[in-house]
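First comes the structure, then the notes that go with it.
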Amino acid sequence: MGSRYLAGWEVDFRSTDETVRFLKTQGVNKKDFDFFRKVQGALELKVHDTLIKKLYEHHDYGDGIEKTLLDENIPLPLQDWPEHEVFFLQKSNEGNHRLGGKKPSSLKLPVSPQSKLPFQYLGTIDGTDESFSWLNVRELHLVYPLYECNFGIYLDYSDPVQPKILEPITLTDDWKFDDLELRAHVEFMETRYQCTKKVRITDFLDEDSDDILLCGVPLWIQQPEIPVCPVTGECMNFVCTLHSDFELKVSDQVLGEKMGSDASLSFGDHGHLYIFYHPGSKVMHLRAQW
């Protein structure tokens, strides 16, 4: 009987579909299990064949790791699943990934026939970086409608510079702003990031800083919302989490003054944006939580 490890703890093992998505997305090795149990929480599974003999939850409540037996003899829908490596994007002037900056001239932003609300260019992941080579694309441009209400968006990146919205459309104008025409032209000051395999946990948990972005395995603010590709029906791969960041200001000072407290990169109520991608179908999924 050996141990397997999962990042996070919110999973209902009675639901086969939910369990499969969680195993395929949140599986980690012992080292990264230790990271997750210190920053949020994690699960240790004592497994024999396709049975969880004992299920433990690990949490660090500030005075050491607490290990709790949650359940026993739980059947598993999978005999094996991948162990993902945790890594990070950290702000660095020498970085080859970026948030903000001028939208590439060749990039055409998606347009929804149901909503007049515009998408904004967020940044670009460098697909030539070894950590992102699985994307199978040289550059992955990130776009998202910051100023509208949605419950997760799927974009087709078959043409990497002309992403298109996939059905079903989830966009609404419930958050419509009076200055919508101005917000259509929002750009943010360019900030560079570089990949790193190791950061100090205290820096990662610093509530006054958004300098470090998590990649490899998502750390959910709310209940996990792991997407399935609408084209293939397969579980999608996690790319990274973007943070709301007061330091990523609107680059146009005049526009920024008109936007007031909204004049920086923000997802909902200062939340996080979770980005997933399927390299086979070239479909991206973006979902905000706060």
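The values are calculated or read from the model by the stated rules, or taken from the named source; none is laboratory data. Remember, predicted model here, so these are calculated numbers, not experimental data. As a convention, Cβ positions derive from the backbone with ideal geometry for all residues, glycine included, and neighbour counts pool all protein chains shown.
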Open item on the list: I'm trying to understand the selection: among the residues of the stretch 44-70, which are out of contact with any Asp or Glu (no Cβ under 6 Å at 6 or more places or on another chain) and among the aliphatic types (A, V, I, L, M)?
Closed with: LEU45, VAL47, LEU51, ILE52, ILE65, LEU69
Open item on the list: Between ASP34, ASP12, ASP17, ASP71, which is without any contact (Cβ under 8 Å) to a residue 12 or more places away in the chain, within 27 Å of VAL228 (Cβ to Cβ) and touching a strand residue (DSSP E or B) at 6+ places or on another chain (Cβ under 9 Å)?
Closed with: ASP17
- [ ] Would you tally the residues in the stretch 204-230 being under 28 Å from PRO118 (Cα atoms), exposed (fewer than 15 other Cβ atoms within 10 Å of the Cβ) and over 17 Å from the mean Cα position of the chain (by Cα)?
- [x] 0
TODO: Quickly run through the stretch 93-136 and pick out the residues that are among the small types (Gly, Ala, Ser), out of contact with any Phe, Trp or Tyr (no Cβ under 7 Å at 6 or more places or on another chain) and touching a residue at least 24 places away in the same chain (Cβ under 8 Å).
DONE: GLY101, SER106, SER112, SER115, GLY123
Open item on the list: of a type in the set (A, V, I, L, M) and over 16 Å from TYR144 (Cβ atoms): is that true of LEU107 in this structure?
Closed with: no
TODO: With respect to ILE201, determine if the residue is of a type in the set (A, V, I, L, M), over 18 Å from the mean Cα position of the chain (by Cα) and assigned by TED's automatic domain parsing to the domain that holds PRO110.
DONE: yes
TODO: Kindly check whether there is at least one residue in the stretch 42-65 that is among the aromatic types (Phe, Trp, Tyr), free of Cβ contacts under 8 Å to residues at least 60 places away in the same chain and over 16 Å from GLU10 (Cβ atoms).
DONE: yes
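Okay, residues lined up against (1) touching a helix residue (DSSP H, G or I) at 6+ places or on another chain (Cβ under 7 Å); (2) assigned by TED's automatic domain parsing to the domain that holds LYS30; (3) of a type in the set (D, E, K, R); (4) under 24 Å from TRP81 (Cβ atoms):
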{"residue": "PHE238", "(1), (2), (3), (4)": "yes, no, no, yes"}
{"residue": "VAL250", "(1), (2), (3), (4)": "yes, no, no, no"}
{"residue": "MET259", "(1), (2), (3), (4)": "no, no, no, no"}
{"residue": "ASP262", "(1), (2), (3), (4)": "no, no, yes, no"}
Open item on the list: Can you go through PHE119, PHE132 and tell me which one is surrounded by 14 or more Cβ atoms within 10 Å (Cβ to Cβ), modelled with pLDDT of 95 or more and not charged (D, E, K, R)?
Closed with: PHE132
Task: Whichever residue in the stretch 264-290 is of a type in the set (Gly, Ala, Ser), part of a loop (DSSP other than H, G, I, E, B) and touching a strand residue (DSSP E or B) at 6+ places or on another chain (Cβ under 6 Å) and, among such residues, is farthest from CYS149 (Cα to Cα) - done: GLY271
Open item on the list: Would you confirm, using the coordinates I've provided, whether ASP126 is among the acidic types (Asp, Glu) and at pLDDT below 95?
Closed with: no
Open item on the list: So the check is Cβ under 6 Å with 6+ separation or different chains; which pairs have a first residue in the stretch 137-149 that's at pLDDT 95 or above and a second one that's of a type in the set (Ser, Thr, Tyr)?
Closed with: GLU139/THR124; HIS141/THR124; VAL143/TYR121
